[in-house]
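The values are calculated or read from the model by the stated rules, or taken from the named source; none is laboratory data. Worth saying up front: this structure is predicted, and the values here are computed from it rather than measured. Using ideal geometry, Cβ is built from the backbone for each residue, glycine included, and neighbour counts are taken over all protein chains shown. Accessible surface areas use protein heavy atoms only, side chains included; no ligands, DNA or RNA. Shrake-Rupley method; radii C 1.70, N 1.55, O 1.52, S 1.80 Å.
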Amino acid sequence: MHKLLTQTTTPTGKPRARALAIPLQGTPGPANAITDVEGVQVGYSTIIEGEGRLNVGQGPVRTGVTAILPFGREGVGLACAAGYHSFNGNGEMTGASWIEEAGSISLPILITNTHAVGTCHRGVIDWVARHKPDVASQWLLPVVAETWDGYLNDINGSHVTVDHAIAAIDNAASGRIEEGSVGGGTGMNCYAFKGGSGTASRVVDYGHRSYTVGVFLQANFGSRHELAIAGVPLGDDLAADNPMESYFRGGPTGAGSCIGIVATDAPLLPGQCKALARRVPLGLARTGTCGSHFSGDIFLAFSTANRDALNGRFPKGAPTDESYSHMDFIPWGRMDDFYAAVVQASEEAVLNALVANADMTGRDGNRTPALPHARLSAALKARGAIAA
């Protein structure tokens, strides 16, 4: 497919941020997605059912599951260096204490809604036990993260099942991926516009070769008055049509959360992965957020280099007293370009989640409008951010 279409539209033809000529820094990879990191796959289960008044357990349902696999399905069980960062801890990412301890992950990463963490955790275990029994013969500590979709979704109903979690893993693929109201992002809101799943990537030149940094966000944060795009504050220009503000009646409309996953093929230590994860909030801040107390913003970064060097399971036998592992890594003093790539890709991932979207109505008739493309472009042209 023509590169311009790849950068400006999703696989189903929805526009991305670059379709609106929003100026963005850095050089994206071929798909401008986390899947530009070789081996990384993303899969979705999307659940949209019913309409009208909330009847707990029966809907309406606007939710789903996202799965991110560092080495694809065949590579489940192989360890990669990883680090996580909690910018604001009003949220959940299971397995974080083991990531902090061991500096690695080896299982699919799932993202869903706040009250579906348990079924997704079980779903990962069931999938691994079925497809990778040698891996499941020892302990499993899946990484499952969440954001809250209760404004549009019957979040207290048991709508996300183990089967949905398994399907997200089975659906995972490389290449271009859909964005907006899909997977775990189905019922999410961002700056009181329709938010959800967004991704972007950047190419980083290092010495004689290039590496890729990819970011995937489940964007569900921010108050309307905070929104900024291309450095232009847009809260006043786009203040109209904000039913969420009326629904929360002056409450914490910036609540909701953001989960961010960073992938790279650059060889990094676990501490360097953690340093990448710490840069995601800087990309979010470029879109205006100040980081609400009620927004759980948790980020994970992993490196697919040094494949399985940190695997502590030793499936082929216990280590001997002469066993060693070895890792290459980028010198700490050369990390700045990788930090910049995370910031740039995170900013664009937020914008893609907003642009590749449509109005959605959910429980009790609650409605979230999509980011109005024409009004956005007019506001940016009036401020000189894009050509008139």
Completion exercise
Per-residue ellipticity at 222 nm attributable to helices in the chain (runs of n ≥ 4 DSSP H, -39500 (n - 2.57) apiece, nearest 500 deg cm²/dmol) works out to -7000 deg cm²/dmol
Handout entry: Length released on extending from CYS290 to VAL56, taking residue separation times 0.36 nm less the Cα-Cα span
Key = 80.9 nm
Exercise for the section: With all distinct Cα pairs included, what does the Kirkwood hydrodynamic radius of region 83-154 come out to in Å, to one decimal, could you say? Expected result: 13.2
Practice task
Could you state how much accessible area THR161 has, in square angstrom rounded to the nearest 10, with a 1.4 Å probe and all protein chains kept in place?
Solution key: 50
Completion exercise
Amide H proximity to ALA200 below 5 Å, modelled H, separation 5+ or other chain, gives ILE34, VAL215
Practice task
Quote the FRET efficiency, to the nearest 0.05, computed for ALA388 versus GLU92 with a Förster distance R0 of 41 Å and r equal to the Cβ-Cβ distance.
Solution key: 0.35
Handout entry: Stretchable slack from ASP170 to SER323, in nm (0.36 nm times residue separation minus alpha-carbon distance)
Key = 51.5 nm
Handout entry: Additional length obtainable on full extension of the chain from LYS381 to TRP332, 0.36 nm per residue less Cα span
Key = 13.6 nm
Fill in the blank from the handout: Charge dipole of region 29-174 built from unit charges on the beta carbon (Lys, Arg +1; Asp, Glu -1), centred at mean Cα; most positive-end Cα among VAL144, ILE125, ASN55 is ASN55
Fill in the blank from the handout: Counting only protein heavy atoms and rolling a 1.4 Å probe, one gets per residue an accessible area for region 1-47 in Å² of 44
Handout entry: Stokes-Einstein D for region 75-227, Kirkwood Rh over Cα pairs, 10 °C, 1.306 mPa s (µm²/s)
Key = 94
Completion exercise
Note on the chain, DSSP bridge orientation, antiparallel percent to nearest 5 equals 80
Handout entry: Accessible-area value, LEU107, 1.4 Å probe, nucleic acids and ligands omitted, Å²
Key = 10
Exercise for the section: Rounded to whole Å and ordered largest first, report the semi-axes of the equivalent ellipsoid of the chain derived from its Cα gyration tensor (root of 5λ). Expected result: 33, 25, 17
Handout entry: Distance from region 135-180 to region 32-58 (C-alpha centre basis), Å
Key = 8
Exercise for the section: Could you go through region 169-174 in sequence order and give the Karplus-derived ³J(HN,Hα) for each residue, using 6.51 cos²θ - 1.76 cosθ + 1.60 with θ = phi - 60°, rounded to whole Hz, and x for Gly and Pro? Expected result: 5, 5, 7, 4, 8, 8
Practice task
Check the straight Cα-Cα distances from LYS274 and name the aspartates and glutamates below 12 Å, setting aside those fewer than 8 residues away within the same chain.
Solution key: GLU100
Completion exercise
Interchain or sequence-distant (5+) residues whose placed amide H lies within less than 5 Å of the amide H of THR9 are ARG16
Exercise for the section: Using a 1.4 angstrom probe on the protein heavy atoms only, line up TYR324, TYR84 by accessible area, largest first. Expected result: TYR324, TYR84
Practice task
Would you mind checking the radius of gyration and Dmax of region 330-388 based on alpha-carbon positions, in Å?
Solution key: 17.5, 54
Problem - Dipole-positive endmost among ALA19, THR212, ASN32 within the chain (Cβ charges, Cα centre) - result: ALA19
Fill in the blank from the handout: With +1 on the Cβ of every Lys and Arg and -1 on the Cβ of every Asp and Glu, the dipole magnitude of the chain about its Cα centre, in debye rounded to the nearest 20, is 680
Problem - GluC sites (Glu not before Pro) within region 62-105, DSSP loop, no more than 15 other Cβ atoms inside 10 Å - result: GLU74
Problem - Label-to-label distance, nm, for residues given as ASN311 and ASP163 (7 Å Cα→Cβ offset) - result: 3.3
